[in-house]
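One structure is given below, encoded as structure tokens.
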């Protein structure tokens, strides 16, 4: 049985006063990590084994209090052979 791997990146624009809380919430997510951040924007990488899970994580980031916008800038999906993940 093969599995899928999905990787996406988002540019997230945040209210500066909420940046700390947004960073903490993203770092607490199981499949997300911060790649780049400054006082207004974050680059978030999300990985998952299903499209549905990936969309749920993207929505979770977008709906965090203090997030003004999130834009998907990259998405890759591939089917992995047995044992790759």
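The values are calculated or read from the model by the stated rules, or taken from the named source; none is laboratory data. Because the structure is predicted, anything quoted here is derived from the model rather than measured. Note: ideal-geometry Cβ built from the backbone for every residue, glycine included; neighbour counts use all protein chains shown.
A few comments on the model shown:
- Remark: residue 56 falls outside the filter, which requires a residue to be surrounded by fewer than 16 Cβ atoms within 10 Å (Cβ to Cβ), at negative phi, assigned to a helix (DSSP H, G or I) and over 13 Å from the mean Cα position of the chain (by Cα).
- Within the range 70-85, being farther than 16 Å from residue 8 by Cα and either assigned to a strand (DSSP E or B) or modelled with pLDDT of 95 or more (or both) holds for one residue alone: 80.
- Just one of (1) at positive phi; (2) out of contact with any strand residue (DSSP E or B) (no Cβ under 8 Å at 6 or more places or on another chain) fails for residue 65. It is (1).
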